[in-house]
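Single-structure report; data block below.
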Amino acid sequence: MSADSTSRPLRPMHRMTFPEPGPPRPGTLATGTPVWLVTRYAEVRQVLMDPRFDRKSLHAEDAPPLLVVPNLLDAPDGLLNQDGPPHQRLRGTVQRAFTPRAIARWRPWVASVVDTLLDEFARRPQPADIIEGFTRPLPVSVISRLMGLGHADWERIRFWADHALSGGAHTAEEVGLAMREFGVFAADLVAERRKDPGDDLVSGLVAAGDELGVDERQLVMLVLGLVVAGHETTMTALGNIVVRLLTDGRDAWPALGADEEAAARAVEQLLRTVPLSEGRLLPGLIRRATEDVEIGGVTIPAGSVVAVQTNSANRDPDVFPPGPPDLFAPLASPTVVFGAGPHHCLGAWLARLELGLALHRLAARFPGLRAGFTLDTIEWREGQMTRSPRRLPVFW
């Protein structure tokens, strides 16, 4: 939505407010389904780590509806919606590729992608759109290389991804059609890499999946999930972080450029305080109680749907200092930005690597970078599970 004389500008993500951390309390999903809302840090971690709160039962015959329009996260046979041994078997097909040690080997070429994009960005006439020139193509370039998708039609993939994570911008029919097309793309990719494997993540997934006897549809779903998650969340996070730094955090810019380790610490604080979503209860953060469980002094009855609000948990004053963060201070405790427990985000270390290198080298290369926008003139990308700027003109 663009700001004009008849519409109120949206708040930037770093200025959003969220429910105050407190005991579990009743809430309601957009479908009308009642939920227990969990907001405190310790209790959010408990829900995400306790096997008595699972994902599979959300798709049982008696399960209430979670989404008005289905999306990729709603697929019953997807990685997100498995628990226990079936989940571990699926997760094991990709987990080895996303260890911190493996990702450390990718650092040189991620850095080279960052530098190449910055070289190209420096040649653009000013003001230049940093979304188009840097924050959008960076994660696309990284996941493209990682998965061996160098010649893929990324405009088409982005179209499919927008539908796969739709938060109301598309109808169920539109989402269904896009997901079928996306599924054909992924199935063809799996078949191609099985026939002619290479040194890429998809080939590794196919080999591991075939060895472990992973169902073909589940293998296709893994590929879909990696394509979407591999660029969508990092793109969104980086765009919103740039808004925060060039408006309410410009004082931190010199230190980001001077010290790569300081930039890495800042990433943790920025991820904690610059959310991806506006507070909607995201499907991936919903669980169902398989038995009566006490959380924070409240008994959650068996069969209840439970939603955790990680944005509130990441601001819990009992864990994190209240108020604007010192971007370069180490975290008092690990955040729940990437979840916790068995479903902790597989790509967390890759996202940290990309964001840290991106911010450090952007600030070092453009020490005078300044906004060619105001908070009231940002055009936002809406209708998805997340919200981010469509374009951000900048000068240097």
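The values are calculated or read from the model by the stated rules, or taken from the named source; none is laboratory data. What you see is a predicted model, and the numbers here were worked out from it, not measured in a lab. Using ideal geometry, Cβ is built from the backbone for each residue, glycine included, and neighbour counts are taken over all protein chains shown. Side chains included, ligands, DNA and RNA excluded: accessible areas come from the protein's heavy atoms. Shrake-Rupley method; radii C 1.70, N 1.55, O 1.52, S 1.80 Å.
The table for this structure:
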read-out: Matching option when the condition is assigned to a loop (DSSP other than H, G, I, E, B), within 21 Å of the chain's Cα centre (by Cα) and without any contact (Cβ under 8 Å) to a residue 60 or more places away in the chain, among Pro19, Pro70, Pro76, Pro65; value: Pro76
read-out: Residue in the stretch 143-156 that is farthest from Val206 (Cα to Cα), counting only those that are open to solvent by 60 Å² or more (accessible area, probe 1.4 Å) and in contact with an Asp or Glu (Cβ under 9 Å, 6 or more places away or on another chain); value: Arg156
read-out: Residue in the stretch 129-142 that is of a type in the set (S, T, N, Q), surrounded by 14 or more Cβ atoms within 10 Å (Cβ to Cβ), free of Cβ contacts under 8 Å to residues at least 40 places away in the same chain and part of a helix (DSSP H, G or I) present; value: yes
read-out: Unique match (being over 18 Å from the mean Cα position of the chain (by Cα) and in a loop (DSSP other than H, G, I, E, B)) among Asp210, Asp199; value: Asp199
read-out: Residues within the stretch 269-301 that are of a type outside the set (A, V, I, L, M) and in contact with a Ser or Thr (Cβ under 7 Å, 6 or more places away or on another chain), tallied; value: 5
read-out: Residue within the stretch 342-362 that is surrounded by fewer than 20 Cβ atoms within 10 Å (Cβ to Cβ), modelled with pLDDT of 95 or more and among the small types (Gly, Ala, Ser) present; value: no
read-out: Residue tally, condition touching a residue at least 24 places away in the same chain (Cβ under 8 Å), farther than 19 Å from Ala348 by Cβ and outside any helix (DSSP H, G or I), over the stretch 246-295; value: 15
read-out: Flag if Asp326 is of a type in the set (D, E, K, R) and over 22 Å from Pro23 (Cα atoms); value: yes
read-out: Any chance Pro301 is at pLDDT below 95 and more than 18 Å from the chain's Cα centre (by Cα); value: no
read-out: Flag for Arg91 being surrounded by 13 or more Cβ atoms within 10 Å (Cβ to Cβ), part of a helix (DSSP H, G or I) and among the charged types (D, E, K, R); value: yes
